[in-house]
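K.L.:
What follows is a structure written as structure tokens; I'll ask about it next.
The values are calculated or read from the model by the stated rules, or taken from the named source; none is laboratory data. Note that the coordinates shown come from a computational prediction; the quantities given were computed from them, not determined experimentally. For neighbour counting, all protein chains shown are included, and Cβ atoms are generated from backbone atoms with ideal geometry for every residue, glycine included.
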Amino acid sequence: EISQSDCIAQIRRRAFLSLHSLAQISVRNINSLRLIEKEAFTDLPRLEHLSISNTGLIHFPDFTTVSSLAASIILEIADNMRIEIIPANSFQGITEECVDMNLVRNGFRTIRSHAFNGTKLNTLVLRDNKHLRLIQEDAFEGAAGPTVLDVSSTALSSLPAKGLRQVRTLKATSTFALKTLPPLENLADLLEAELTYPSHCCAFHTWRRQQRENSLKNLSELCDLNTNEIEPAAEDISLADYINFQYPELDFYCLNNPFVKCTPKPDAFNPCEDLLGFAFLRSLTWLITVCAVTGNLAVLVMLLASHRKITISRFLMCNLALADLCMGLYLMLIAFMDYHSRHQYYNHATDWQTGPGCGAAGFLTVFACELSVYTLTVISLERWHTITNAMRVNKRLRMRHMVLTMGAGWGFSLLVALLPLVGVSSYSKVSICLPMDIDGLGSQLYVVAVLILNVVAFLVVCYCYLGIYLSVRNPEHATRHGDTKIAKRMAVLIFTDFVCMAPISFFAISAALRMPLITVSHSKILLILFYPINSLCNPFLYTLFTRAFRKDVFLLLRRCSCCSSSVELCRSP
């Protein structure tokens, strides 16, 4: 053992020459050590353990002349923070037998191609190399193994596609940059995996299922073979040998070999499925998206392009159309991501749910939902106030009142949508980017409060329209015919919206109180069927199917026609 010396700057060539019986070398706690010369470890046939830890080495040591004949050797390189690269052929010649490598807590940044060339790797531990970002594609070229690979707590963003076929145990916990796995065909012998993200365990589940389906296609009865079906000349051959010889690809399934034991297991919030989960939801999502976006864009264009005076009703409908357009954009983001990650969502889940895309989608949908609910409530209150005070001119609402009211609504909606981005609940809990995180008390209170406010808004709307109904039915109460018509149309609009939201509110509140009644997979159906229906129906119920809208379209087309005629006149000689 060489340790705790401040005067050793290098270990010279052939420093251990002729020490043929030496079984263990330990070089540790020598911060002054900068260099171990080539061939410093030469001709050590009985060496079983070599450790170099906590030194000031700048370059990776040379082990090519160790030539150990021991049945196995343990190599430990630890806490050498100045070594940044493991070069090619670094371990060639250390031994022709098995080697266990513990290369932990170093300053490694890159492991070069052919770094492990010429070795029989049993265990390779690269744990806690915080700066390790790259293992080059051919790093394991020329090596046998490893059977155990540990890259936990590193900065790796990918694993090499080559050289991992013999890995039986893969450990990659706290490897947060590792968001995609290599092709699973290259991990064919894997039995156990300890990973960072639950979605990666879905990869093995999905791959094994696909392999089973492909292998058993048109051969579903093969596993039911009995000994009578085996040829007499091969009676001494076992069923296992027969299957392995005739159909080696079925060996895994027919002989009941275990699946990959993988942790962390997918939870209730992130089941092993595509983003939208069900095939029919994809078509439905695209249909609702197209209708919601085009419908609300048409409403906005017509209301803003019209030369008619902006009334309170038109102003409120502009706000409602904008909110519903945001909901359509949210659905578009979800639909595009589902298309992009179809059948391989496990490789995109982490990037999507922790990235800016899911945050933007979540912000859009919460902002749209709250602004829509708020605007519908204001519309109801405005109609109720106008109709019940029809004969009191001094009590009519002014545009400035509505501008201030909607300004407050925008501020409230923005605040509610921003809170999950700053740690109050989270949009990254589920694939559809809704704030379903209720782990902390603050997050739970946030979700419950938002849901209760939506229920209160519904009750306010019910109260307003009950008052409107009674006013319209009262023969002693004078109302304008236009107000009555608008009230009826608004009633259809409001009740359609809130009837659609009722099941969502019910199931969401039960889940927020930690008493979920349906799974996340089933909630996707509920959300796609009911959640965006408001955005789909609002423009058609209130604007696109009304006489006023048709009149606006006619006037706009007429104005465009006049403009075209004027241009033609100007062009005439």
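K.L.:
If the Cβ limit is 9 Å and pairs must be 6+ apart or interchain, which residue in segment 438-449 that is over 21 Å from PHE367 (Cβ atoms) pairs with which residue that is of a type in the set (A, V, I, L, M) and modelled with pLDDT of 90 or more?
P.N.:
Final answer for the pair search is GLY440/VAL424.
K.L.:
Continuing with the same structure: Look through ILE438, ILE387 and report the one residue that is part of a loop (DSSP other than H, G, I, E, B) and surrounded by 13 or more Cβ atoms within 10 Å (Cβ to Cβ). Don't jump to the end; show me each part of the working.
P.N.:
Details: ILE387 fails: part of a loop (DSSP other than H, G, I, E, B).
Unique residue meeting the criteria: ILE438.
K.L.:
Any chance segment 351-359 includes a residue that's buried (at least 23 other Cβ atoms within 10 Å of the Cβ), closer than 20 Å to TYR465 by Cα, touching a residue at least 12 places away in the same chain (Cβ under 8 Å) and touching a Cys at 6+ places or on another chain (Cβ under 7 Å)?
P.N.:
no
K.L.:
Being at pLDDT below 95 and not acidic (Asp, Glu): is that true of LEU181 here? Show your work before the answer.
P.N.:
Values: at pLDDT below 95: yes; not acidic (Asp, Glu): yes.
In short, yes.
K.L.:
Further question: How many residues are among the hydroxyl-bearing types (Ser, Thr, Tyr) and under 18 Å from GLY359 (Cα atoms) when one looks only at segment 305-344?
P.N.:
Going through segment 305-344 one residue at a time, the tally reaches 2.
K.L.:
State all residues of segment 390-403 that are assigned to a loop (DSSP other than H, G, I, E, B) and either at pLDDT 85 or above or loosely packed, with under 12 Cβ neighbours inside 10 Å (or both); if no residue qualifies, say none. Spell out how you get there, then give the answer.
P.N.:
As a first pass, look at segment 390-403 and keep what is assigned to a loop (DSSP other than H, G, I, E, B): 390-392, 396-398.
MET391, ARG392, ARG398 - these are the residues of segment 390-403 that are assigned to a loop (DSSP other than H, G, I, E, B) and either at pLDDT 85 or above or loosely packed, with under 12 Cβ neighbours inside 10 Å (or both).
Yes/no matrix, rows are residues, columns are (1) in contact with a strand residue (DSSP E or B) (Cβ under 8 Å, 6 or more places away or on another chain); (2) outside any loop (DSSP other than H, G, I, E, B); (3) more than 29 Å from THR354 (Cα to Cα):
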position: GLY107; (1), (2), (3): no, no, no
position: LEU124; (1), (2), (3): yes, yes, yes
position: ARG127; (1), (2), (3): yes, no, no
position: HIS131; (1), (2), (3): no, no, no
position: GLY142; (1), (2), (3): no, no, yes
position: GLY163; (1), (2), (3): no, no, yes
position: LEU178; (1), (2), (3): no, no, no
position: LEU181; (1), (2), (3): no, no, no
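K.L.:
Filter segment 91-141 down to the residues that are more than 16 Å from HIS49 (Cβ to Cβ) and among the charged types (D, E, K, R) and list them by number.
P.N.:
GLU96, ARG105, ARG109, ARG112, LYS120, ARG127, ASP128, LYS130, ARG133, GLU137, ASP138, GLU141
K.L.:
What about GLU273, is it out of contact with any His (no Cβ under 7 Å at 6 or more places or on another chain) and closer than 17 Å to MET406 by Cα? First the steps, then the outcome.
P.N.:
On the way: out of contact with any His (no Cβ under 7 Å at 6 or more places or on another chain): yes; closer than 17 Å to MET406 by Cα: no.
No; evaluated as a whole, the condition is false for this residue.
K.L.:
crowded, with 17+ Cβ neighbours inside 10 Å and among the hydrophobic types (A, V, I, L, M, F, W, C): which single residue out of LEU364, LEU414 fits that description?
P.N.:
Step by step, each of LEU364, LEU414 is checked, and only LEU364 is crowded, with 17+ Cβ neighbours inside 10 Å and among the hydrophobic types (A, V, I, L, M, F, W, C).
K.L.:
Have a look at VAL450, VAL455 and point out the one that is in contact with a helix residue (DSSP H, G or I) (Cβ under 8 Å, 6 or more places away or on another chain), within 27 Å of CYS358 (Cβ to Cβ), assigned to a helix (DSSP H, G or I) and modelled with pLDDT under 90.
P.N.:
Values: VAL450 fails: modelled with pLDDT under 90.
Selected residue: VAL455, the only one of VAL450, VAL455 that is in contact with a helix residue (DSSP H, G or I) (Cβ under 8 Å, 6 or more places away or on another chain), within 27 Å of CYS358 (Cβ to Cβ), assigned to a helix (DSSP H, G or I) and modelled with pLDDT under 90.
K.L.:
Evaluate segment 47-68: report whether one residue or more is under 26 Å from ALA139 (Cα atoms), among the charged types (D, E, K, R) and surrounded by 14 or more Cβ atoms within 10 Å (Cβ to Cβ).
P.N.:
The initial filter retains those residues of segment 47-68 that are under 26 Å from ALA139 (Cα atoms), namely 47-68.
After this cut, where a residue has to be among the charged types (D, E, K, R) as well, the list is 48, 62.
Okay, now just the ones that are also surrounded by 14 or more Cβ atoms within 10 Å (Cβ to Cβ), so 48, 62.
Scanning segment 47-68, I find at least one residue that is under 26 Å from ALA139 (Cα atoms), among the charged types (D, E, K, R) and surrounded by 14 or more Cβ atoms within 10 Å (Cβ to Cβ), so the answer is yes.
K.L.:
Here's a follow-up. Can you name every residue in segment 144-156 that is surrounded by fewer than 21 Cβ atoms within 10 Å (Cβ to Cβ) and not in a loop (DSSP other than H, G, I, E, B)?
P.N.:
Correct list: ALA144, VAL148.
K.L.:
Are any of the residues in segment 287-298 in a helix (DSSP H, G or I), of a type in the set (Ser, Thr, Tyr) and under 22 Å from CYS358 (Cα atoms)? Even if it seems obvious, please write down each step before you answer.
P.N.:
Just the residues of segment 287-298 that are in a helix (DSSP H, G or I), to begin with: 287-298.
Subset that is of a type in the set (Ser, Thr, Tyr): 289, 294.
Add one more test, that the residue is under 22 Å from CYS358 (Cα atoms), and what stays is 289.
The answer is yes; a qualifying residue exists.
K.L.:
Condition first: hydroxyl-bearing (Ser, Thr, Tyr) and either in the same structural domain as HIS385 (by TED's automatic domain parsing) or surrounded by 17 or more Cβ atoms within 10 Å (Cβ to Cβ) (or both). Now tell me which residues in segment 259-315 satisfy that.
P.N.:
SER283, THR285, THR289, THR294, SER306, THR311, SER313
K.L.:
From LEU445, LEU493, grab the single residue that is modelled with pLDDT under 70 and in a helix (DSSP H, G or I). Please lay out each step first, then the result.
P.N.:
Details: LEU445 fails: modelled with pLDDT under 70.
Among LEU445, LEU493, only LEU493 is modelled with pLDDT under 70 and in a helix (DSSP H, G or I).
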